[in-house]
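The values are calculated or read from the model by the stated rules, or taken from the named source; none is laboratory data. None of the values given here were measured: they were computed from a predicted structure. For neighbour counting, all protein chains shown are included, and Cβ atoms are generated from backbone atoms with ideal geometry for every residue, glycine included. Please note that ligands, DNA and RNA were not included when accessible areas were found on the heavy atoms of the full protein model with its side chains. Shrake-Rupley method; radii C 1.70, N 1.55, O 1.52, S 1.80 Å.
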Amino acid sequence: MQEPVFNDTLQIGIVVRDLEATVRRYEDDYGIGPWEFQHLDAGNAQDFHEYGQPVERSWRGAATMVGRVHWELIQPLDEESVYARFLAEKGEGVHHIAVVARNFDETVANHAKGGNDLVLRGKFSGVDVAYLDTDRDLEVILEIFSGTPGDDPASP
């Protein structure tokens, strides 16, 4: 068996129709929260692409920690984004799971060698992010990060 490409789970990304109603349900029924809200669009990212093409997209998000895993709720604000297409095709649910890759650049390059486009790629808060097209193999998209926001590259 080969050495694992991924060595930690960071985040679960869930696409929803109504962000506020979903947050209330998570808080009231399950005690999950508190949530931080944000509005994101291509302007929040550098080199934002879907399937290799530069695009303008917009979505709202809410995030919280459950144990050591970051839960992210995503409400698309357009009709064309990967999130909007997921919602139209599959309904609400888990869109992606973010994992730590041992080597971000190598993982992205190996994925491309296999003939797969990246579902989404951009740089947010100084961190490269890529969605790997793994939903056919793993039934979910894997998101990888080149680091985490706030990491100090000068630290040992």
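Values for this structure:
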item	result
Shape of region 1-70, Cα gyration tensor, a/c cut at 1.5	oblate
Theoretical FRET efficiency, 1/(1+(r/R0)^6), r = Cβ-Cβ of His39 and Met1, R0 41 Å, to 0.05	0.45
DSSP loop GluC sites (Glu not before Pro) with at most 14 other Cβ within 10 Å: longest gap in the chain	81-138
Ratio of the Cα radius of gyration of the chain to 2.2 N^0.38 Å, where N counts its residues	1.04
Mean separation of Cα contacts under 8 Å, 6 or more apart, over the residue count of the chain: relative contact order %	26 percent
DSSP bridge pairs, region 11-151: antiparallel proportion in percent, nearest 5	75 percent
Accessible area (Å², 1.4 Å probe, nearest 10) - Tyr83	10 Å²
Mean residue ellipticity (222 nm) of the chain, computed from DSSP H runs ≥ 4 via -39,500 (n - 2.57), nearest 500	-6500 deg cm²/dmol
